[in-house]
Amino acid sequence: MLRQLYIRNFTLIDELDMEFHSGFSVITGQTGAGKSIILGAIGLLLGQRADMRSIKQGADKCIVEAHFDLTRYEGMQRFFDENDVEADLPDTIIRRELTTSGKSRAFINDMPVGLALLKELGERLIDVHSQHQNLLLGKHDFQLSVVDIIAQDQQQLADYRQAYEIWHKARTALEQLRVQLSQNQQQKDYLQFQYEELTTASLISGEQEEQEARRDTMEHAEDIKQSLYQADSALSGDDNNEGIVARLRTAAQALHSIERVFADASELAERLDTTYVELKDVAQEVNASMEEVDFDPAQLDSINARLDKIYDLEKKYRVESIDELIAIRDELQEKLAAIEGGDEQLEEREVEVKRLLQACQQLADVLSQKRRLGAQEIEKQMGQRLVALGMPHARFKISMTDGEPSTSGCDRVSFLFSANTSSALQDIAQVASGGEIARVMLALKAMISGAVKLPTIIFDEIDTGVSGKIAEQMAQMMAEMGAQDRQVISITHLPQIAALGTTHYKVYKEDHGDTTTSHMTMLSQEQRVEEIAQMLSGSDVTDAAIENAKQLLRL
């Protein structure tokens, strides 16, 4: 439960440090006194959007901090463990800081955390019910969430959602396959033409480079032969001259002839022998190349025609090599094979999606059964609670119909209501008055709070549209909620509700020249009498109002 709330430099609040107690507490104050400011500060702790204009004028930072005692609430330790946050259940602290520079920081037990984590924890600690939330009663997703809470079907819903996600992904993939196969079928003729064009070309990896080399050689055949001839003449000689190879051989023989009388000649001769062998081999290859190089116009035309074909294909398919053309050809072959086997693949996918849908629907049926039991329990409890709120003839029913699978199941839930036995049941948002909506929501909140064990519930003027005896009955229900190991705080303008609070707080304004500040204080017994009398009679408190206030307070 909320034990302490500290606010500094937030809108009209300089500094507020207020202790809260268990049970049913009330907050009163004139319109504009600052009750909404208190709620706004609490909203920051619940992760709501920060507005830097909320920082009190002249201050550079505002702070909102709340202390909670969570020792009675199971499951909170697991939350801290799962999120690696140090737990101190007797005094759990959440804090939000805003600066004029635009920075917003969040803390749990003095540890910096992300706003999402603060919001998640805040929603587990405090439920703020304001007037605009009454509009939720007409929304079917809210109605379904109420059924889920009372049905306690979290496991069944989780199992269903897992199956739904698997089916939904498979169905999406099936639709994408249908589209792809349709597009491929439309392109089949063109893809077939491209494949045949590349296949007929009989492309071979490395062919382009080889053909280009042959072309270059043939185009320069005369120059090549002339150079080879000159090299051959230099190496092997001609009719008029002895070549380098022969002369080298002569030099080596000369050195060998003096080996016995000149020691250095042996090494030099061996070196010349090695050079002679190498040059002789070179001379032979040069001579052979001369015979191979020849200019054949027909062969050159054939080579150029082949290269032109390759170049045209590369330009057409916007690539720069035969290997890339081969890759395109193989890809086209795969696409054509997929088109040919598309019907079979599609049929297999359809069977699988149908199977997944059946599995999803089976889990949806299990979930629906759990929800119907929960709906029956809601109808039973609401009948009792609405009687206690002064609606003895009201009828409350839950309509559940089957629909298409969605993330929340196959159930379509609708709350039906009639304020009396003579009127037909209709959608509650269409037939219930503002006061009736307020009482129905209070009854639902009382039921929900018992199911989810919320530590603190704040009702912000939920009594709008009611008065007198009905207000007292609403207060009694809130007091009963506060007696069940939870803390209930009601911001109210009705004396009947204010009188039943075990603790009473007042919010008020003070003017100091050009400055206005909001304050909050816990009232003593005498101060409560004065406050409730003022709520009964206005600013001029009469003796009759004082007596009436004491009667409401049972003094």
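The values are calculated or read from the model by the stated rules, or taken from the named source; none is laboratory data. Small disclaimer: the values here were computed from a predicted structure and weren't measured. Here the Cβ is made from the backbone with ideal geometry for all residues, glycine too, and neighbour counts use every protein chain on show. Just the protein is used for accessible areas: all its heavy atoms, side chains included, with ligands, DNA and RNA removed. Shrake-Rupley method; radii C 1.70, N 1.55, O 1.52, S 1.80 Å.
Some observations on this one:
- Segment residue 59..residue 120, full-extension length gain: 19.1 nm, with 0.36 nm per residue of separation and the alpha-carbon distance subtracted.
- Using alpha-carbon coordinates, inclination of helix 207-219 to the longest axis of the chain, degrees: 40 degrees
- For residue 56, a cut-off of 19 angstrom between C-alpha atoms picks up these aspartates and glutamates, skipping any fewer than 8 places away in its own chain: 14, 15, 17, 65, 97, 510, 511, 514.
- In the chain, the DSSP-assigned H stretches of four residues or longer account for a calculated mean residue ellipticity at 222 nm of -19000 deg cm²/dmol, using -39500 (n - 2.57) per stretch and the full residue count as denominator.
- Take the Cα of residue 31, step 7 Å toward its Cβ, do the same at residue 309, and the gap between the two points is 9.3 nm.
- Whole-angstrom gap from the range 353-430 to the range 230-268, using each part's C-alpha centre: 113 Å
- Placing unit charges on the Cβ atoms of the charged side chains and taking the dipole of the range 394-533 about its Cα centre, the candidate lying farthest along the positive direction among 429, 497, 464 is 429.
- Rounded percent of accessible protein surface that carbon and sulfur make up, the chain, 1.4 Å probe: 47 percent
- The range 1-37 and the range 117-166: distance between their alpha carbon centers, rounded to Å: 28 Å
- Full-stretch length increase - residue 291, residue 89 - with 0.36 nm per residue and alpha-carbon distance subtracted: 62.8 nm
- Residue 347-residue 540 pseudo-label distance in nm [points 7 Å out on the Cα-to-Cβ vector]: 9.3 nm
- Alpha-carbon centroids, the range 475-500 and the range 520-539: separation in whole Å: 16 Å
- Cβ crowding within 10 Å averaged over residues, with 381-388, 438-445, 271-278 ranked highest first: 438-445, 381-388, 271-278
- If the segment from residue 166 to residue 480 were pulled out straight at 0.36 nm per residue, it would be longer than the present Cα-Cα gap by 108.6 nm.
- For the chain, the longest principal axis of the C-alpha atoms and the axis of helix 221-236 are separated by about 60°.
- For the range 33-133, the solvent-accessible area of protein heavy atoms averages 50 Å² per residue (probe radius 1.4 Å; ligands and nucleic acids excluded).
- Counting only protein heavy atoms and a 1.4 Å probe, the range 490-535 has 46 square angstrom of accessible area per residue.
- Whole-Hz couplings from phi, Karplus 6.51/-1.76/1.60, listed for the range 262-274; x for Gly and Pro: 9, 4, 5, 5, 4, 5, 5, 5, 5, 5, 5, 4, 5
- Pairs over the 25 Å Cα-Cα cut-off, from the set 103/453; 119/397; 169/445; 188/315: 103/453; 119/397; 169/445.
- The angle separating the long axis of helix 35-45 from the principal Cα axis of greatest extent in the chain is about 30 degrees.
- For the range 138-223, accessible area per residue (1.4 Å probe, heavy atoms of protein chains only), Å²: 61 Å²
- Straight-distance crosslink candidates among aspartates and glutamates, where the alpha carbon sits under 20 Å from residue 550 and sequence neighbours closer than 8 are dropped: 472, 526, 530, 531, 540
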